[in-house]
Amino acid sequence: MELLISNVSLLLTMDPSAGGKLGEIRGVSIAFDGGKVAWIGSAGEAPDADRVVDGSGLIGMPGLVDCHTHSLFAGSRADEFRRRLGGVDYTEILEQGGGILSTVAATRSASSSTLASILRERLEERLLQGVTTVEIKSGYGLDVETELRMLRILSEGEWPVEVSRTFLGAHAIPKEWRHDRDGYVKLVLDEMLPAAAKLADQVDVYCDRGAFTVDESEEILTKGIALGLSGRIHAEQIEHTGATEMAARVGALSADHLERLDDRGIQAMADAGMVAVLLPGARLYLRDPNPPVAELVEAGVDIAIATDFNPGSSPVRDLLACATLACVEFRLSIEDALIGVTRNAARVLGRESVGWLGVGSAGDMALFAPPAGEPTEYATLIQYMGGHRARVVVQNGRLVVDNGSLVG
């Protein structure tokens, strides 16, 4: 074997057949070969390996998956943050040309090398947190050139984590198209989407007040899905629109935000097998109401949790902190929160081999030490909010973080 993590005190495989809701195994070793998990068993039966790392005292789980981020951008929105603290509404800022549009201006003017350098630093930080897969959206270009440039950066770069690419040309109506929104929608449909389909994995639409209508969103999602992209939607965040029901009807994988989701939307998601992506960082910063999490769980809708990392509505870079917020604010269970940043988050991205650990799964794993003085129990990773850094991270079967530092 290429790599063996030996004597892991507690392993959460996220495979219920291994035991408990989280697939818990104690005192176990796990071997990697060819980029995948090749063996799991007791330490006394472990195969020989080129490299052995001691997992004693650590909590292991699949590499974390952040399934909704806007990580590729330039510029600052600190002044907007001050304005919002002073009581100015987020949508008002957007309608005045700020918010997303101010980030669009900065991103358009930044060079590709500058954007790539900024992104690399952000993703290295995520790897140190145990995050091995990150979804990243375009959407800060809003013209053909910059949207495709963003997707090429994501496609062609060699990144420290696995990157899932989402086309979000339908993020906002740019300033130059404010008097011809039909023309911009046509540009997305006829020029951006066909080109983006060769570079992206998914298509997303921001459907809300001040953004895109349900009819516009349906047209864009339908075409993107027809081009082979998986469908996503920002839905029911600022106000209820019915976008979730539409997205369920056209076959989208997820609906994200959902602060103003109603009973019909919940049922539509359950019937379609969609995943609800909770974004507690955005809810906190925008002071929105809580999404109907208990009702979603009762209806059998799978829950994922993501950071929604962006410079405006969710400048949050810590996925486990978002899991804690989902438990404290939304009353989600600890177990569902951990599934929400692993197995269910991977499902949102259509990554079947990611988010769980078993023979044949992706070779992505993160190991955390419990907070000082605490037992080796997974609940402590949620109980203590923020500051968790992975002691060991394996990605694609390679040791990339050892003793809390990047390898190489």
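Between the alpha-carbon centres of segment 127-202 and segment 278-313 there is a gap of 22 Å. What lysines could a cross-link reach from Lys137, if we take a straight Cα to Cα line under 24 Å and drop same-chain neighbours fewer than 8 places away? Within the straight-line cut-off, Lys137 pairs with Lys175, Lys186, Lys198, Lys223. The alpha carbon centroids of segment 204-236 and segment 23-83 are separated by 32 Å. Annotation: amide H-H contacts under 5 Å for Ile305 (H modelled 1.01 Å from N, sequence separation of 5 or more, or interchain): Leu278, Val341, Ala345.
Counting protein heavy atoms only, the chain has 46 percent of its accessible area on carbon and sulfur, 1.4 angstrom probe. What's the longest bit of the chain with no exposed trypsin sites (Lys or Arg not before Pro), using DSSP loop states and at most 14 other Cβ atoms within 10 Å as the test? Between the exposed loop sites, the longest stretch runs 22-177. Our estimate of slack between Glu145 and Glu377, defined as 0.36 nm per intervening residue step minus the Cα-Cα distance, is 78.6 nm.
Taking the solvent-accessible surface of protein heavy atoms with a 1.4 Å probe, what is the per residue accessible area of segment 280-408 in Å²?
On the way: 4920 Å² over 129 residues.
Normalised by residue count, the accessible surface of segment 280-408 is 38 Å².
A crude spin-label estimate for the pair Ala195 and Asp48, with each label 7 Å from Cα along the Cβ direction, gives 5.5 nm. Calculated accessible area for segment 95-201 comes out at 38 Å² per residue, all protein chains present (probe 1.4 Å; ligands, DNA, RNA ignored). Summing Lys and Arg as +1 and Asp and Glu as -1 over all other residues whose Cβ lies under 12 Å from the Cβ of Arg287 gives a net charge of -2. Residue-wise HN-Hα couplings along segment 172-183, as the Karplus relation 6.51 cos²θ - 1.76 cosθ + 1.60 with θ = phi - 60° gives them from phi, are 6, 7, x, 3, 5, 10, 4, 9, 8, 5, 4, x Hz; Gly and Pro carry x. The Rg/Rh ratio of segment 1-48, with both radii computed over alpha carbons and Rh defined as the Kirkwood radius, is 0.98.
If you take all other residues with their beta carbon under 10 Å from the beta carbon of Asp262, and give Lys and Arg +1 and Asp and Glu -1, the sum is -2.
Please give me the summed charge of the neighbours of Val316: other residues whose Cβ is under 11 Å from its Cβ, Lys and Arg +1, Asp and Glu -1. Please list the in-between numbers first.
Details: positive: Arg283, Arg317; negative: Asp66, Asp308, Asp318.
After counting each charged neighbour, the total is -1.
Expressed in units of 2.2 N^0.38 Å, where N is the residue count, the Cα radius of gyration of segment 155-292 is 1.05. Annotation: amide H-H contacts under 5 Å for Leu3 (H modelled 1.01 Å from N, sequence separation of 5 or more, or interchain): Phe32, Asp50, Arg51. Each residue, Ser112 and Arg287, gets one label point 7 Å from its Cα in the Cβ direction; the gap between the two is 4.3 nm. Would you please give the residues with an amide H less than 5 Å from that of Gly57, counting only those at least 5 places away or on a separate chain, with H modeled from the backbone geometry? Under 5 Å from the amide H of Gly57: Ser9.
Length available on full extension from Glu158 to Arg26: 0.36 nm per residue minus the Cα-Cα distance, which gives 44.0 nm. From the largest down, segment 252-379 spans 42, 34, 28 angstrom on the principal axes of its Cα atoms. Compactness ratio for segment 115-171: Cα radius of gyration over 2.2 N^0.38 Å (N = residue count) comes to 1.12. For segment 1-84, with equal point scatterers placed on the C-alpha atoms only and solvent neglected, what are the log10 I(q)/I(0) values from the Debye formula at q = 0.11, 0.25 1/Å, to two decimals? Result of the Debye calculation: -0.45, -1.25.
Angle of helix 263-272 to the longest C-alpha principal axis of the chain, folded into 0 to 90 degrees and rounded to 10: 60°.
Across segment 398-408, coupling constants 3J(HN,Hα) worked out from phi with the 6.51/-1.76/1.60 Karplus curve, θ = phi - 60°, read 10, 6, 10, 9, 9, 6, x, 10, 4, 8, x Hz, and Gly and Pro carry x.
Taking every Cα-Cα distance in the chain and sorting them into 10 Å bins from zero, the calculated P(r) comes out as 5, 24, 33, 25, 11, 3, 0, 0 percent. The base-10 log of I(q)/I(0) for segment 303-360, evaluated at q = 0.13, 0.14, 0.20, 0.21 Å⁻¹, reads -0.35, -0.41, -0.75, -0.81 [Debye formula, identical scatterers on Cα atoms, solvent excluded].
Stretch Asp402-Gln267 to full length: gain in nm at 0.36 nm per residue minus the Cα-Cα span? Before the final figure, lay out each step's value.
On the way: separation 135, 0.36 × 135 = 48.60 nm, distance 4.48 nm.
Once the chain is fully extended between Asp402 and Gln267, it gains 44.1 nm.
Would you please give the FRET efficiency between Glu2 and Ala299, computed as 1/(1 + (r/R0)^6) with r the Cβ-Cβ distance and R0 = 41 Å, to the nearest 0.05?
It comes out at approximately 0.40.
Residues in segment 66-83 carry Karplus couplings, in order, of 9, 8, 8, 9, 10, 6, 9, 7, 10, x, 10, 10, 4, 5, 4, 4, 4, 5 Hz; the curve used is 6.51 cos²θ - 1.76 cosθ + 1.60 with θ = phi - 60°, and Gly or Pro positions show x. Computed about the Cα centre, the dipole magnitude for the chain is approximately 680 debye when only Lys and Arg (+1) and Asp and Glu (-1) carry charge, each at its Cβ.
The values are calculated or read from the model by the stated rules, or taken from the named source; none is laboratory data. Quick caveat: nothing in here was measured; it's all calculated off a predicted structure. Cβ: placed from backbone, ideal geometry, glycine included. Neighbour counts: every protein chain shown. What goes into the accessible areas is simple: the full protein's heavy atoms, side chains included, and nothing from ligands, DNA or RNA. Shrake-Rupley method; radii C 1.70, N 1.55, O 1.52, S 1.80 Å.
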